[in-house]
């Protein structure tokens with residue numbers, strides 16, 4: 001999917017207009033007041049990480065409208081942000097940690113960015129999405145405790161409820177049907193075995 005320039009006009013910080021060498025923090029100095037956006041603590045290219053966060057987590061990002069599945073959205077965001085795969089066609093360990101939210105510093109940057117939206121429900125939805133896929137990975141690997149299955153089922157319903165409410169507030173009614181079923185793997189053409197295989201190999205669907 002290729003986007004038009006105007007598709008990104010709704011971003012809180014329109015990083016799509018920036019040249020690759022131009023600093024996001026210098027362009028949007030208001031971000032400098034937050035301690036979470038600390039370049040020195042970032043293992044990856046800080047500018048690219050900020051762009052990735054904005055592309056994935058801005059509620060007005062065209063990637064959220066086009067890619068309901070969060071893994072596909074993240075894969076597209078990596079490319080838009082300027083990340084490239086290595087010679088083995090994988091993203092690399094540090095990038096994988098960012099994708100899987102296993103980098104504590106980048107996680108703090110994500111949470112700070114979400115708080116800038118002043119939308120607690122939106123931040124809660126993102127947390128639900130991330131936890132859902134972590135539990136899914138455990139289920140695929142056969143590591144999920146019996147007591148977790150009921151939690152897993154309820155979480156799926158809660159994701160739908162929260163997402164629908166948020167979309168109503170943002171007047172994105174056309175996405176309702178997909179969001180009702182976004183955890184339906186057959187509809188979204190991503191099956192649990194595909195997810196497990198790609199986690200293991202460092203590759204992600206796009």
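The values are calculated or read from the model by the stated rules, or taken from the named source; none is laboratory data. Everything numeric here is computed off the predicted structure, so don't read it as measured data. Methodologically, a virtual Cβ is constructed for each residue, glycine included, from the backbone with ideal geometry; neighbour enumeration extends over all protein chains shown.
The rows are residues; the columns are (1) buried (at least 17 other Cβ atoms within 10 Å of the Cβ); (2) in contact with a helix residue (DSSP H, G or I) (Cβ under 6 Å, 6 or more places away or on another chain); (3) over 19 Å from residue 106 (Cα atoms); (4) in contact (Cβ under 8 Å) with a residue 40 or more places away in the chain.
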position: 33; (1), (2), (3), (4): no, no, no, no
position: 37; (1), (2), (3), (4): yes, yes, no, yes
position: 41; (1), (2), (3), (4): no, yes, no, yes
position: 44; (1), (2), (3), (4): yes, yes, no, yes
position: 59; (1), (2), (3), (4): yes, yes, no, yes
position: 62; (1), (2), (3), (4): yes, yes, yes, yes
When you go through (1) buried (at least 18 other Cβ atoms within 10 Å of the Cβ); (2) in a loop (DSSP other than H, G, I, E, B); (3) at pLDDT 90 or above one by one for residue 49, which number turns out not to apply?
(2)
Of all residues making up the stretch 65-124, the number that are assigned to a loop (DSSP other than H, G, I, E, B), under 27 Å from residue 32 (Cβ atoms) and at pLDDT 85 or above:
3
